[in-house]
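Presented below is the structure to which this report refers.
The values are calculated or read from the model by the stated rules, or taken from the named source; none is laboratory data. What you are looking at is a predicted structure, and each value in this text was computed from that prediction instead of being measured. As a convention, Cβ positions derive from the backbone with ideal geometry for all residues, glycine included, and neighbour counts pool all protein chains shown. Heavy atoms of the whole protein, side chains included, go into the accessibility calculation; ligands, DNA and RNA do not. Shrake-Rupley method; radii C 1.70, N 1.55, O 1.52, S 1.80 Å.
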Amino acid sequence: MNTHSRSRRIGSTHVTPKKSLGQNFLVDAELSRWITDQIQPDDAPVIVEIGPGLGALTEHLVGRPRELILIEKDTRLASSLLERFSADGAISVRNEDASDMDLRSLYRYGDVRVVGNLPYSMGGEILKRVLTAPTPVTCAVFMLQKEVCNRLCARQEDDAYGGLSLLVQKDWDVDLLMIVPPEVFNPKPKVDSAIVRFTPRKPGTLPVFDRAVFDRLVKVGFSQRRKQMKNLMPEPPGGWAALVEHLGVPVSVRAEELTLAKWVDLTRWYEGRKEQDRGQGATELFDVVNEQNEVTGQKPRGEVHAEGLRHRAVHVFVVNKRRQVYLQKRSHLKDVHPLTWDSSASGHLDVGESYADCAVREVREELGIEVPATQKVADIPATERTGMEFVELHTAEHGGPMRYAPDEIECGEWFSPEQIDEWVSARPEDFATGFLECWKAWKSR
Ligand code: SAM
């Protein structure tokens, strides 16, 4: 008999599990409780559960976080969950496809934990949605097929090591928590499952590299994993022999023989990034200005910041056709406000440079886009909030791809003004103070 043909009771109705939606329901209450404990839900600002199904995990989450969001694709199950939890104001049910969900409204919680016994059919797509930078997710605990979990956690010396291990581990620490046999499910799947936990990799544990270049190279390298990389990879700057000498590996090396650190090193070589990460130079010269924003002399960056001298900077809001604003997360290498969210691009004026020229240059250098000109939106006076910068806020229209500078920017994302408003009022500490002044000026223009 087909194990998926038997119906299950939800509320007063019976439903037949859908194989296409990976509906293997957990029937072990102790295990369900243990899984939910791994996300540490007590008093968490928000927990998102993906694929709650008949509520095996949900039951052990209710009443623990301050808010619980349930994302269920099956309309029958979503309606039943809605009915069951409608009286609880802390729980919301979304009848959505989690591989397609919009996570941007979740940044305002500051700490977003995700848990789910994922459908085998869509596990990969859902992982990609939740884990691809930028994401507000701060911890995720998922049950998936054991074989996929082994690949997610694998180190270079393991058989399961491959492209998936690298694509995920460049941003996440992955821990295998438990192997789970088919018997704890109804209907029983054909293979073992496992539980894995993802926590964000600490910034600075790898040197900076361009994620898009890394992903492309890893995919090429593992496209035929037994083949020597020299016959697969694009020609690196200086040739293959120079690259392998730099990496300290044989010329015949295969993709599976390189550790994550070596893959990062290889990416940096393709980018032409040969020097160590240095952060920002203290010796760069700025124009220093008086209270009327008139130039009175030049001083090195370190001195300007240390002495709180007035100087000039531009901020640019890049806006797309849907009126969304692109925000960047500042690199951990920044000397001020590292890892906070900021305007699309911003920077100090070079000695003698105009605000307008600086705006076009910053957009090119930070985001890799050419705009012929930007439009001035507002003047913002020099205060402690702007870091004693007289700021001109500019805007530019752009909707196409960007290639941001990894030593300046961790990641970036388009946000609607409403999403930014909610986030700014819930968690102003997530933003550079200069951006907050710009956002105020933008709103009152
Ligand atoms: N959490 C329940 C449990 O542990 O018994 C159900 C787990 S079952 C393996 C997977 C659940 O994910 C099902 O309820 C299924 O309807 C739901 N699902 C499948 N695809 C989904 C998707 N793309 N987005 C959200 N939920 C999905």
*What is the set of long-range amide H partners of residue 339 at a cut-off below 5 Å, with H atoms built 1.01 Å from backbone N?*
330, 331, 332, 334
*Loop-located trypsin sites (Lys or Arg not before Pro) in the stretch 17-55, at most 14 other Cβ atoms within 10 Å (DSSP)*: none
*Work out the length of the dipole vector of the chain about its Cα centre, built from +1 on the beta-carbon of each Lys and Arg and -1 on the beta-carbon of each Asp and Glu, and round it to the nearest 20 debye.*
1800 debye
_C-alpha long axis of helix 260-271 to longest principal axis of the chain, angle in °_ = 40 degrees
*What are the residues whose amide H is under 5 Å from the amide H of residue 178, where those residues sit 5 or more places off or on another chain and H is modelled from the backbone?*
195
*Per-residue HN-Hα couplings for the stretch 159-176, Karplus 6.51 cos²θ - 1.76 cosθ + 1.60 at θ = phi - 60°, whole Hz, x for Gly and Pro?*
4, 7, 4, x, x, 4, 4, 6, 4, 7, 5, 5, 10, 10, 8, 10, 10, 7
*asked:* Given Cβ point charges of +1 (Lys, Arg) and -1 (Asp, Glu) and nothing else, what value in debye, to the nearest 20, does the dipole of the stretch 211-271 about its Cα centre take?
replied: 260 debye
*Return the loop-located GluC sites (Glu not before Pro) in the stretch 285-341 (DSSP other than H, G, I, E, B) with at most 11 other Cβ atoms within 10 Å of their own Cβ; answer none if there are none.*
291, 294, 307
*Straight-distance crosslink candidates among lysines, where the alpha carbon sits under 17 Å from residue 440 and sequence neighbours closer than 8 are dropped*: 376
*Please report how far the C-alpha centroid of the stretch 230-247 lies from that of the stretch 163-187, rounded to the nearest whole angstrom.*
33 Å
_Output the 0 to 90 degree angle, nearest 10, between the alpha-carbon long axis of helix 355-367 and the longest principal axis computed from the alpha carbons of the chain._
30 degrees
_I need the shape label for the chain. Rule: rounded when a/c is under 1.5, else prolate if a/b > b/c, else oblate, with a, b, c from the alpha carbon gyration tensor._
oblate
*Express the accessible area of the stretch 211-271 per residue in Å², computed with a 1.4 Å probe while the remaining protein chains stay in the model.*
48 Å²
*Vicinal HN-Hα couplings computed from phi for the stretch 431-445 (Karplus, 6.51 cos²θ - 1.76 cosθ + 1.60; Hz; Gly/Pro x)*: 10, 5, 4, x, 5, 4, 5, 5, 5, 4, 5, 4, 6, 9, 6
_For the stretch 338-358 versus the stretch 25-64, the gap between their alpha-carbon centres in whole angstrom_ = 45 Å
*Mind listing the long-range amide H neighbours of residue 288? Cut-off is under 5 Å, sequence gap 5 or more, other chains count too, H placed in the peptide plane at 1.01 Å from N.*
296, 297, 298, 299
*Measure nothing fancy, just the Cα-based angle from helix 75-85's long axis to the longest principal axis of the chain, in degrees from 0 to 90, nearest 10.*
90 degrees
_Apportionment of accessible area to carbon and sulfur, the stretch 52-140, percent (1.4 Å)_ = 47 percent
_Among 21, 122, 316 the positive-end extreme of the charge dipole of the chain (Cβ point charges)_ = 21
*Would you work out the charge dipole size for the stretch 8-200 about its Cα centre, treating the Cβ of every Lys and Arg as +1 and the Cβ of every Asp and Glu as -1, and quote it to the nearest 20 debye?*
480 debye
*Starting from the stretch 346-443, pick out the GluC sites (Glu not before Pro) whose DSSP state is loop and whose Cβ has at most 11 other Cβ atoms within 10 Å.*
370
_Residue by residue through the stretch 210-220, what is 3J(HN,Hα) from phi via Karplus (6.51 cos²θ - 1.76 cosθ + 1.60, θ = phi - 60°)? Round to whole Hz and write x for glycine and proline._
7, 4, 5, 5, 4, 4, 4, 5, 4, 5, 5
